[in-house]
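All of the numbers you see were taken from the coordinates with simple rules; none came from a lab. It should be emphasised that the depicted structure is a prediction, and the values quoted were computed from it without experimental measurement. Neighbour counts are summed over all protein chains in view; Cβ atoms, including those assigned to glycine, are modelled from backbone coordinates with ideal geometry.
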Amino acid sequence: MGGDAVRRGRGRFKLQTSSFTLQAVVPGLLGPVPALERAPRTPTLDLLLERARVEPAGADLPTLLLDCFGAEASAPYALAADDPGWDGQGWWLHADPVHLRADRDLLRLFDARHLGISRAEADALVAALNAHFAADGLRVHAPVADRWYLRCEPPLALATTPLAAVVGRHIDGSLPTGADAGRFAALMSEAQMLLFQHDVSRRREAAGRPAVNGLWCWGGGAWARPATPPDLAVGTGSLLQGLALAAGVAMVAETPLATLLAAPASRVLVVQDALADALHDQDADAWAAAAERLDAWLAAVPAALRSGALAELRLYAGDGFCRVVQRAGLRRVLSRRPWRRRQTLAVRATLPPEASA
């Protein structure tokens with residue numbers, strides 16, 4: 001891999017193919033993007049998206065990562081990364097601290113990225129929650145001040161929505177469902193009232209800061225070794241780190257594409273979440289800048305596909321689809337009108353989801 005792409009055989013050149021697959025998980029790639037004052041220049045992404053075939057896939061980052069590793073529940077893996085001393089036991093949910101703001105007759109959710117929760121605030125709130133729920137088989141654990149987890153004994157039958165899917169949105173329609181949803185909703189209402197009335201929240205509001213007045217619980221399950229991990233993981237984040245640790249897979253924060261193409265691996269997973277962060281912040285300029293950085297990183301992909309150094313690129317945008325690009329797709333003639341302009345990423349990112357697929 002990464003060596004000579006052709007060899008001489010029977011008087012002619014024969015392509016030396018590779019089994020190397022690059023899985024790029026890039027939530028937010030296809031928007032929807034707020035009004036762009038400057039459209040990013042993304043020639044490589046424009047080409048790859050045009051020549052890709054489309055397959056169904058997960059619609060959020062946690063689901064995509066779990067699918068890529070062959071795992072079922074995000075909470076225990078993220079917990080394992082946030083708390084290296086954790087013993088791996090029990091059934092856990094993410095219990096992320098959030099700010100819930102009344103918006104007419106609904107509640108809109110804001111995550112902890114902009115709440116600035118201190119260690120002392122987290123400890124005080126968690127202690128109050130654990131004292132209140134001691135008899136209910138629930139225990140909150142906060143190894144990181146703004147990432148909390150909830151141990152449930154016995155396990156709960158719940159279907160939940162990842163936090164990223166509700167940030168900045170109304171929570172109506174995204175609350176847990178399942179056999180235990182009614183009891184759990186009652187408990188979370190108690191937690192919401194406790195957090196709202198706590199001295200920490202009162203002090204925050206008095207200082208003009210948003211209160212920590214709710215928990216968003218999702219991704220519940222127990223730890224198990226992932227069934228189908230990649231050979232290498234590239235990126236950051238507690239869930240990716242925890243899955244890599246559980247699978248015994250090496251993980252690096254970032255690396256040039258040329259290094260990956262030369263690596264002794266058959267499947268590499270790369271996660272880039274800067275575009276999703278920009279969308280959550282409604283920052284079109286940050287989205288455009290992140291798109292151009294991604295395009296530059298992927299610049300060598302078309303040549304690697306044509307030479308056989310790369311078997312395929314699987315590009316996940318977190319919109320429910322995977323774009324698969326192979327050598328044959330790059331050679332495919334898409335139109336008999338050579339003057340037809342290629343659809344740019346900036347245009348795709350402003351289309352309705354069904355149109356961009």
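Remarks
- Computed magnitude of the charge dipole of the chain (debye, nearest 20; Cβ of K, R +1, Cβ of D, E -1): 2360 debye
- The stretch 190-278: GluC sites (Glu not before Pro) falling in loop per DSSP and having at most 11 other Cβ within 10 Å: 254
- Couplings for the stretch 191-196, taken from phi via the Karplus curve 6.51 cos²θ - 1.76 cosθ + 1.60 with θ = phi - 60°, read 5, 4, 5, 4, 5, 4 Hz in order; Gly and Pro are left as x.
- Surrounding net charge for residue 117, when Lys and Arg each add one and Asp and Glu each subtract one, Cβ distance under 12 Å: 0
- When both the stretch 172-218 and the stretch 127-141 are represented by their alpha-carbon centers, they are found 14 Å apart.
- The stretch 175-257, Rg to Rh (Cα coordinates; Rh as Kirkwood inverse mean 1/r): 1.17
- A Stokes-Einstein calculation at 4 °C with viscosity 1.567 mPa s, built on the Kirkwood radius of the stretch 63-160 over Cα pairs, returns a diffusion coefficient of 87 µm²/s.
- Degrees between helix 119-133 axis and first principal axis of the chain (Cα, 0 to 90, nearest 10): 60 degrees
- Between 0 and 90°, nearest 10: helix 284-297 axis offset from the chain longest Cα axis: 40 degrees
- Value at 222 nm in deg cm²/dmol, rounded to 500, when DSSP H runs of n ≥ 4 in the chain each add -39,500 (n - 2.57): -9500 deg cm²/dmol
- The fraction of Cα-Cα pairs per 10 angstrom bin, counted from 0 for the chain, comes to 5, 22, 29, 23, 13, 6, 2, 0, 0 percent, rounded to whole percents.
- In loop segments of the stretch 81-130 as defined by DSSP, the trypsin sites (Lys or Arg not before Pro) with at most 11 further C-beta atoms inside 10 Å of their C-beta are 104.
- Each Lys or Arg adds one and each Asp or Glu takes one away; over the other residues whose Cβ falls under 13 Å from the Cβ of residue 220, this sums to -3.
- Environment charge of residue 92, counting only residues whose C-beta is closer than 13 Å and scoring Lys/Arg +1, Asp/Glu -1: -3
- One equal scatterer on each Cα of the stretch 135-233, no solvent, Debye formula: the resulting log10 I(q)/I(0) at q = 0.14, 0.22 Å⁻¹ is -0.68, -1.38.
- Charge dipole (the stretch 89-222, unit charges on Cβ, about Cα centre) - positive-most of 102, 164, 118: 118
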